[in-house]
Amino acid sequence: MAATIRGILLAAGYSTRFGSNKLLQALPEGAPEAGTPVGLAAAKHLLEALPESIAVVRPRAQKLGKILRDAGCNTVVCKNASEGMGTSLAAGVRATSDAKGWVVALADMPFIRPDTIRIVAKALQDGVAIAAPSFEGKRGHPVGFARRFYDELSSLHGDDGARQFLKQHPELTKLFEVDDPGVVRDIDKLSDLER
């Protein structure tokens, strides 16, 4: 099978500011996909754009893992997820080491449109090193990384995830302005669901 761009959904956080597992929280009435758990909505959009996507989950997150697998997402359990997002991202990259590049999405961002994800993936296919959408001039998610960053990404640890990586490589990052406010909208607190 030819190397392809793979989606990685980071779903291994502990939702400390939310108070419970926010990824299992249903989207409120009036939201697109109302009633769908936050993490499942994010996974569905990623899978629609990149069917060969995986999700990284933390240990003992059986309910979330089952929901994501039922949606068609292979899951990878990151034993050291409590160390932070960098550790989870590295686990996802290592689990998809055959990929031509990675589109890294966050499971607490359920409003990103599949078309936006496709724009990031196509940029990688076209040879862009690091690609990300922006909305009204603000960089958003997901972020795409070319194959050449495998060694650096697969050895990330702690909470220094992609953000630190992007700061180190601003000259390699290409932004694509999109009409998708979902790229800058995440769910950290219960009030974020009401917006």
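Using the Cβ-Cβ distance between SER191 and ASP151 with R0 set to 30 Å, the FRET efficiency from 1/(1 + (r/R0)^6) comes to roughly 0.15.
The residues neighbouring PHE165, those whose beta-carbon lies less than 14 Å from its own, together hold a net charge of -1 under the Lys/Arg +1, Asp/Glu -1 convention. Each residue, LYS138 and GLU48, gets one label point 7 Å from its Cα in the Cβ direction; the gap between the two is 2.3 nm.
Please identify every one of the trypsin sites (Lys or Arg not before Pro) in segment 1-86 that sits in a loop by DSSP and has no more than 14 other beta carbons within 10 Å of its own beta carbon. Walk me through the numbers on the way to the answer.
Numbers: sites: ARG6, ARG17, LYS22, LYS44, ARG60, LYS63, LYS66, ARG69, LYS79; in loops: ARG17, ARG60, LYS79.
When the trypsin sites (Lys or Arg not before Pro) of segment 1-86 are filtered for loop state and at most 14 Cβ neighbours within 10 Å, ARG17, ARG60, LYS79 remain.
Loop-located GluC sites (Glu not before Pro) in segment 102-195 (DSSP state other than H, G, I, E, B) with a sparse environment of at most 12 neighbouring Cβ atoms within 10 Å: GLU136. Normalised by the number of residues in segment 44-162, the average gap of Cα pairs under 8 Å and 6 or more apart makes the relative contact order 30 percent.
Quote the relative contact order of segment 23-67 in percent (integer), defining contacts as alpha-carbon pairs under 8 Å separated by 6+ residues.
Values: 35 pairs, mean separation 13.1, N = 45.
About 29 percent, as a whole number.
Expressed as a whole number of Å, what is the distance separating the alpha-carbon centroids of segment 103-126 and segment 157-185? So the two Cα centres are separated by 12 Å.
Filter the GluC sites (Glu not before Pro) in segment 24-95 to those in DSSP coil with at most 10 other Cβ atoms within 10 Å of their Cβ, and list the result.
Answer in residue order: GLU29.
Summarising the strand pairing of segment 1-128, around 5 percent of its internal DSSP beta bridges are antiparallel.
Here the scattering of segment 5-194 is modelled by Debye summation over its C-alpha atoms, one equal scatterer each and no solvent; at q = 0.08, 0.12, 0.17 Å⁻¹ the log10 of I(q)/I(0) is -0.22, -0.50, -1.07.
Every number in this text was worked out from the coordinates using simple rules, so none of it is lab data. Nothing here was measured: the structure is a model prediction, and the numbers come from that model. Neighbour counts are summed over all protein chains in view; Cβ atoms, including those assigned to glycine, are modelled from backbone coordinates with ideal geometry.
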